[in-house]
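The values are calculated or read from the model by the stated rules, or taken from the named source; none is laboratory data. Please read these numbers as outputs of a predicted model, since none were measured by experiment. All Cβ positions, glycine included, derive from the backbone under ideal geometry; neighbour counts span all protein chains shown. Side chains included, ligands, DNA and RNA excluded: accessible areas come from the protein's heavy atoms. Shrake-Rupley method; radii C 1.70, N 1.55, O 1.52, S 1.80 Å.
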Amino acid sequence: MAPPEDRPRSGAPSPAGPLPSPAGELTGLDAAAVAARQDAGLVNTLDRRTSRPVWQIARSHLFTVFNLILGLCGATLVVLGRWLDLMFLAAAAANIAIGFAQELQAKRRLDRLAVLDRSPVRVLRAGAPAEVPPIRW
């Protein structure tokens, strides 16, 4: 869609926009208008991302308030020289590892399912409904 400043202000369709029929109904774009828009890069795209990237998953599991508190407690025990009392940090490390592994596995499954979903898009072309494949980026 054209930026707001490029759109006609009178409410009339733009030259490359939907073509009105003599009765005033929208008929959609003709083949030439579609080709012109595609050449100009004026196409709608479908986002491929179905889940968060791996770095965001890792960040969300590492930097939590719970891990901050446990890290501060661990640092205090190191300063006090109480090495055997640091065993509770194994539970924090296991919490991070298990949460990260579970979310990474879910991300991979979602990404595989997204590849299977390629539903066509319904459009109006020259007055008739048509289906076109989505453009993914």
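I need the full set of residues from the range 78-123 which are β-branched (V, I, T), at pLDDT below 90 and either on the phi > 0 side of the Ramachandran plot or open to solvent by 70 Å² or more (accessible area, probe 1.4 Å) (or both), in order please. Show your work before the answer.
Of all residues in the range 78-123, those β-branched (V, I, T) come to 78-79, 96, 98, 115, 121, 123.
Add one more test, that the residue is at pLDDT below 90, and what stays is 115, 121, 123.
The one that is β-branched (V, I, T), at pLDDT below 90 and either on the phi > 0 side of the Ramachandran plot or open to solvent by 70 Å² or more (accessible area, probe 1.4 Å) (or both): V115.
I'm trying to understand the selection: among the residues of the range 52-70, which are farther than 29 Å from R109 by Cα and either open to solvent by 60 Å² or more (accessible area, probe 1.4 Å) or free of Cβ contacts under 8 Å to residues at least 12 places away in the same chain (or both)?
Just the residues of the range 52-70 that are farther than 29 Å from R109 by Cα, to begin with: 68-70.
Those that are farther than 29 Å from R109 by Cα and either open to solvent by 60 Å² or more (accessible area, probe 1.4 Å) or free of Cβ contacts under 8 Å to residues at least 12 places away in the same chain (or both): L68, I69.
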